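One structure below.
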Amino acid sequence: MTRLTTVARVLLTAVTVLLTATAPATARPGTDSKAPKDFVALRSVDPTILQEMRYITPHNFVGERIDGYEQPLCILTRPAAEALHQAQRRLLRKGYSLKVYDCYRPQRAVDHFVRWAEDLEDEAMKGEFYPNVDKTRLFADGYIAAKSGHSRGSTLDVTLVRLPAKPTRPYRPGEPLVPCFAPRSERFPDNSIDMGTGFDCFDTLSHTLDPRIQGRQRANRLLLKSTLQGLGFVNLAEEWWHYTFKPELYPDTYFDFPVSRKSLAGAH
């Protein structure tokens, strides 16, 4: 019995060491208040790319400002930002601009999403963002997860705007909600071109190549996809707006510094 116990203890120790060595690193609040030097504000690389940072506003699926968003600022790793600049140069020649909804996302923001998803009573924004999805299914269906590629710094949520860009009115908390897959003329007004659904639409219609999306809407998605794909970005098939620049500088690290100019090294 003593021999078996000793063997079991040795095996347990070995497994623990292995898991510790291979587990992704997550920096926590207080110990991760600054970004590595190769993170930049997108505006310092390309000030022409439009920014509508949704998670610092209440116009998102949670319905309130999300933890960790201190300024309406797109932060990315420098290689991702520079590749996005090249995409913007190509699109400007065609009369379009990129517009980002979200870029680097702190782990504390992801934790906020998880807490919200676990609160089944809070469905304030269901009418717009997930009208056909039962909230009990958000984890199982992959809409919410405990980790996000956004926290690694090379992932962004992006769309296209036809130039000259028209202003987008601010969302008014409490206003009537319209499903994110309704006809564009009925959805919340967004100055982006018609992609078939709004941003953060929890529905299979958001799948980039969903066969129900045809005509101009499909052409718009493919224009975004082909432009970014040609510069090293990989699309998440379930979200037409979600792209990751490859290879990632930090493929295994989930950062938690706030979205703020103070988090960046030097002046950006």
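The values are calculated or read from the model by the stated rules, or taken from the named source; none is laboratory data. What you are looking at is a predicted structure, and each value in this text was computed from that prediction instead of being measured. Please note: Cβ atoms are built from the backbone with ideal geometry, for glycine as well, and neighbour counts cover all protein chains shown. Calculation scope for accessible area: heavy atoms of the full protein, side chains included, ligands and nucleic acids excluded. Shrake-Rupley method; radii C 1.70, N 1.55, O 1.52, S 1.80 Å.
Per-residue Karplus couplings for the range 69-85, computed as 6.51 cos²θ - 1.76 cosθ + 1.60 with θ equal to phi - 60°, are listed in order as 9, 9, 9, x, 9, 8, 10, 9, 5, 4, x, 5, 5, 5, 5, 5, 4 Hz, Gly and Pro entered as x. In the elastic network of the chain, a GNM with C-alpha springs shorter than 10 Å, the most mobile of Arg90, Arg137, Arg43 is Arg137.
Each Lys and Arg Cβ is given +1 and each Asp and Glu Cβ -1; about its Cα centre, the range 37-131 then shows a dipole of about 880 debye. Placing unit charges on each Cβ (+1 for Lys and Arg, -1 for Asp and Glu) gives the chain a dipole about its Cα centre, and among Val234, Phe199, Met53 the Cα reaching farthest toward its positive end belongs to Val234. For a distance above 31 Å, tell me the whole-number percent of Cα pairs in the chain that qualify. In whole percent, the share of Cα-Cα pairs in the chain beyond 31 Å is 28. With a Förster radius of 22 Å applied to the beta-carbon distance between Asp38 and Arg115, the computed FRET efficiency rounds to 0.10. For the chain, the number of Lys pairs separated by eight or more positions or lying on different chains, with C-alpha atoms closer than 18 Å, is 8. Counting only protein heavy atoms and a 1.4 Å probe, the chain has 49 square angstrom of accessible area per residue.
Taking 0.36 nm per residue of sequence separation and removing the Cα-Cα distance, the Arg212/Glu64 pair yields an extension gain of 50.1 nm.
Derived from the Cα gyration tensor, the three semi-axes of the equivalent ellipsoid of the range 110-268 are 25, 22, 18 Å, largest first. Counting only protein heavy atoms and a 1.4 Å probe, tell me what percentage of the chain's accessible area is made up of carbon and sulfur. Solvent-exposed carbon and sulfur of the chain make up 58 percent of the total.
The magnitude of the dipole of the chain, with charges of +1 and -1 set on the Cβ of Lys/Arg and Asp/Glu and taken from the Cα centre, is near 1020 debye.
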